[in-house]
Amino acid sequence: MPSVINDGIILDISKLKKVEIVDINKGLVKVQAGAVWGDVAEFLNRFHLVISSGDFGDTGVGGLSTSGGIGLLVRSFGLTIDHILAAKVITADGEIRSVDKDNEPDLFWAIRGGSSQIGLVTELLFQADKIEPENQYQCPITVQNIDFIIDDLESFVHKWGKWIDEAPLKITSNLMFTSFDNNQILVKMNNFWVGMPNQIANDAFKKASKLAIVKKYDQKVVDYGKAC
């Protein structure tokens, strides 16, 4: 781990995990930095709110939020840092500082991308986005999972890049690769569409399924709280 150094100190903030709705109408959400995104998503789902965040539920809020924050809704709602309105930061002098665009703006700018190099962020105020409920879902996310078997990684990535570049911004796509001894590569593609599937979504999903030889395919609708 890059955070572990000789004679260094590791702080356990796992008990700082409170999630609080500050203003439901404005979508203001306060989250302590020790929370994980899966728990945050489960909590926000009840209020039809989402925050663009990490790909996995056990990802920590503090680390992701101060490092940029690429996640499964990034093409729809941007980076996690785009939604930070304020934060509490403990700096090296031991001071607890409340920062936002008006109060210590340089420090507020620095923590959004500066990771742990600036100070210890203990709490963040987010501007969440709203997803309207549909059918039985509070915050519907359509998930397409495809496993491909390929033997030409460069060609596949080029075709995938062209597809996602032309796809609607309501789709975010993630890829994971596993190589085998026979020079073949397993590609696991996870595509996320914000909302219930419509003709536009289905057309984009169909094009994705034609990028290579499909080994396994699955498509389903889940609530935001289950998508991480």
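Couple of notes before you dig in:
- In the stretch 50-135, the trypsin sites (Lys or Arg not before Pro) that fall in loop regions by DSSP, at most 11 other Cβ within 10 Å: Lys101
- In terms of overall dimensions, the C-alpha atoms belonging to the stretch 19-130 reach 39, 27, 22 Å along their principal axes, ordered largest to smallest.
- When the pairs Lys30/Lys170; Lys188/Lys210; Lys18/Lys220 are compared against a 22 Å limit on Cα-Cα distance, Lys30/Lys170; Lys18/Lys220 fall above it.
- Contour excess over end-to-end distance, with Cα ends at Val143 and Glu42 and 0.36 nm allotted per residue: 34.7 nm
- A cut-off under 13 angstrom between Cβ atoms defines the neighbours of Lys226, and their net charge, with Lys, Arg +1 and Asp, Glu -1, is -1.
- Helix 199-208 and the longest principal axis of the Cα set of the chain meet at an angle near 80°.
- Summed residue charge, Cβ within 11 Å of His48's Cβ, Lys/Arg positive, Asp/Glu negative: -2
- Radius of gyration, Dmax [the stretch 140-227; alpha carbons; angstrom]: 13.1, 40
- Average Cα contact separation per residue, the stretch 140-227, under 8 Å, 6 or more apart, as relative contact order %: 52
- Under the criterion of Cα pairs below 8 Å and six or more residues apart, the relative contact order for the chain equals 22 percent.
- Per-residue ellipticity at 222 nm, computed for the chain from helices alone with -39500 (n - 2.57) per DSSP H run of at least four residues, works out to -6500 deg cm²/dmol.
- One compactness figure for the chain is 1.12, namely its Cα radius of gyration divided by 2.2 N^0.38 Å.
- Taking Cα centre as origin and charging only the Cβ of basic (Lys, Arg, +1) and acidic (Asp, Glu, -1) residues, the dipole magnitude of the stretch 89-170 rounds to 120 debye.
- Summarising the strand pairing of the stretch 19-130, around 100 percent of its internal DSSP beta bridges are antiparallel.
- In degrees, nearest ten, helix 105-114 long axis to first principal axis of the chain (Cα): 40
Every number in this text was worked out from the coordinates using simple rules, so none of it is lab data. This one's a predicted model, so the numbers in the text were calculated from it and none came from an experiment. Methodologically, a virtual Cβ is constructed for each residue, glycine included, from the backbone with ideal geometry; neighbour enumeration extends over all protein chains shown.
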